[in-house]
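Worksheet: one structure, shown below.
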Amino acid sequence: MKIILFDGFCNLCDKSVQFIIDRDRNGTFHFASLQSDTGRKLLQKYQVTEEVTSVVLVDNNTVYVQSDAALRICKHLTRPWNYLYLAIIIPKRVRDTVYRFIAKHRYRWFGKKNSCMLPTPEIKKRFLE
């Protein structure tokens, strides 16, 4: 099972989850917010540090964070988005620097919600909580 943990208060993360759902035609991904009980339990189980506050991918008991998570998610999306996975050849240090810069400024640039998003009934079954 592939599980995406996301910041449920972040507008960018919310839009990203919606973007992924629209382009994940096979229903590959399941979702949980980092703030949910499920999210916190998975973070603890896989010993993900509290410094990770944006996106985490749990893929068959392997955890990916930062740019590795984002690119591995892209790998499973419809064309042309799956081609973004090719950016994996860029050195991780460079990719993660860009990722951390965006993550650091995401609330200022995209805003913050007062509560986590509520999925529509059609996609609710893909959310773990």
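Structural remarks
- Which numbered condition Trp81 misses (of (1) surrounded by 15 or more Cβ atoms within 10 Å (Cβ to Cβ); (2) under 14 Å from the mean Cα position of the chain (by Cα); (3) not hydroxyl-bearing (Ser, Thr, Tyr)): (2)
- Qualifying residue in segment 30-42 (condition: surrounded by 19 or more Cβ atoms within 10 Å (Cβ to Cβ), outside any loop (DSSP other than H, G, I, E, B) and free of Cβ contacts under 8 Å to residues at least 40 places away in the same chain): yes
- Restricted to segment 43-59, and to residues there that are of a type outside the set (A, V, I, L, M, F, W, C) and within 18 Å of Ile102 (Cβ to Cβ), the residue that is surrounded by the most Cβ atoms within 10 Å (Cβ to Cβ) is Ser54.
- Taking segment 68-90 as the range and being polar (S, T, N, Q) and either in a loop (DSSP other than H, G, I, E, B) or touching a Phe, Trp or Tyr at 6+ places or on another chain (Cβ under 7 Å) (or both) as the test, only Thr78 passes.
- Selected residue (only one of Arg95, Arg100, Arg72, Arg108 is over 21 Å from Leu128 (Cβ atoms) and in contact with an Asp or Glu (Cβ under 9 Å, 6 or more places away or on another chain)): Arg95
- Unique match (being surrounded by 15 or more Cβ atoms within 10 Å (Cβ to Cβ), among the charged types (D, E, K, R) and at pLDDT below 90) among Asp7, Asp96, Asp24: Asp7
The values are calculated or read from the model by the stated rules, or taken from the named source; none is laboratory data. Please read all numbers here as calculations on a predicted model, not as lab measurements. Every residue, glycine among them, receives a Cβ derived from its backbone with ideal geometry; neighbour counts consider all protein chains shown.
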